[in-house]
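> Mind looking over this structure? Questions follow.
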């Protein structure tokens with residue numbers, strides 16, 4: 001039986017997840033949550049996400065990077081040419097499979113996911129990278145926690161199907 005997929009993402013009300021290759025906000029509580037839930041797990045992510053996450057291999061994470069650039073391979077980093085190859089590799093590794101972006105990887109894996117760990121930032125922000133529409137899918141909310149910082153209100157949601 002294949003391991004289930006969990007998508008981990010923070011997005012704004014207008015579904016923005018990035019701007020110019022970076023997060024469009026700095027929310028320390030969300031970053032801490034992201035690092036905590038991915039620690040010790042297999043993380044599947046695209047090249048840009050990999051290059052902007054220097055801590056990816058720390059805390060026991062096993063990264064599977066989707067890229068055509070095989071030169072990024074290291075002993076602690078697996079490389080895959082596309083999402084199906086990445087998921088096949090991830091199935092052979094220890095821990096849960098956590099999908100960590102970017103846009104194209106989320107688009108391809110959202111229909112396959114059984115769980116979505118979503119930090120919904122209650123703002124409309126400009127950006128050039130988006131999370132696919134998820135609200136029309138058949139999710140059950142199993143956990144919710146409201147929070148805020150000096151700049152944003154946000155909700156930590158666990159959605160399952």
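> Give the residue, chosen from 10, 80, that is touching a helix residue (DSSP H, G or I) at 6+ places or on another chain (Cβ under 6 Å) and either touching a residue at least 40 places away in the same chain (Cβ under 8 Å) or within 16 Å of residue 129 (Cα to Cα) (or both).
Exactly one residue qualifies, and that residue is 10.
> Can you tell me which residue is surrounded by the most Cβ atoms within 10 Å (Cβ to Cβ) among those in region 1-22 that are at pLDDT 95 or above and in a loop (DSSP other than H, G, I, E, B)?
The qualifying residue surrounded by the most Cβ atoms within 10 Å (Cβ to Cβ) is 15.
> Right, next: Which ones in region 126-140 are surrounded by 11 or more Cβ atoms within 10 Å (Cβ to Cβ) and touching a strand residue (DSSP E or B) at 6+ places or on another chain (Cβ under 8 Å)?
127, 128, 129, 130, 131, 134, 139 - these are the residues of region 126-140 that are surrounded by 11 or more Cβ atoms within 10 Å (Cβ to Cβ) and touching a strand residue (DSSP E or B) at 6+ places or on another chain (Cβ under 8 Å).
> Follow-up. Conditions first: (1) modelled with pLDDT under 95; (2) more than 24 Å from residue 152 (Cβ to Cβ); (3) surrounded by 12 or more Cβ atoms within 10 Å (Cβ to Cβ); (4) out of contact with any helix residue (DSSP H, G or I) (no Cβ under 7 Å at 6 or more places or on another chain). Residue 93 passes all but one, so which condition is the exception?
So residue 93 meets the others, but not (1).
> Anything in region 72-101 that is within 15 Å of the chain's Cα centre (by Cα) and assigned to a strand (DSSP E or B)? List them, or say none. Can you show your working first?
Here is the first cut: in region 72-101, the residues within 15 Å of the chain's Cα centre (by Cα) are 83, 86-87, 90, 96-101.
Once the filter is applied, which keeps residues that are within 15 Å of the chain's Cα centre (by Cα) and assigned to a strand (DSSP E or B), region 72-101 yields 97, 98, 99.
> Here's a follow-up. Only one of these conditions is not met by residue 71: (1) modelled with pLDDT of 95 or more; (2) farther than 25 Å from residue 23 by Cβ; (3) surrounded by fewer than 15 Cβ atoms within 10 Å (Cβ to Cβ). Which number is it?
Single failed check for residue 71: (1).
> Look at residue 107 and say whether it is touching a residue at least 12 places away in the same chain (Cβ under 8 Å), under 16 Å from the mean Cα position of the chain (by Cα) and loosely packed, with under 15 Cβ neighbours inside 10 Å.
Details: touching a residue at least 12 places away in the same chain (Cβ under 8 Å): yes; under 16 Å from the mean Cα position of the chain (by Cα): yes; loosely packed, with under 15 Cβ neighbours inside 10 Å: yes.
So residue 107 fits the description; yes.
> For the subset of region 45-71 comprising residues that are assigned to a helix (DSSP H, G or I) and under 24 Å from residue 31 (Cα atoms), which member is nearest to the chain's Cα centre (by Cα)?
By that ranking, first place goes to 49.
> Next question. Please state which of the following conditions residue 32 fails to meet, knowing it meets all the rest: (1) at pLDDT 95 or above; (2) within 23 Å of residue 94 (Cα to Cα); (3) crowded, with 19+ Cβ neighbours inside 10 Å.
Among (1) at pLDDT 95 or above; (2) within 23 Å of residue 94 (Cα to Cα); (3) crowded, with 19+ Cβ neighbours inside 10 Å, residue 32 violates only (3).
The values are calculated or read from the model by the stated rules, or taken from the named source; none is laboratory data. Just so it is clear, the model here is predicted, and its values are computed rather than measured. Because the Cβ atoms are built from the backbone with ideal geometry, glycine has one as well, and the counts that use them run over all protein chains shown.
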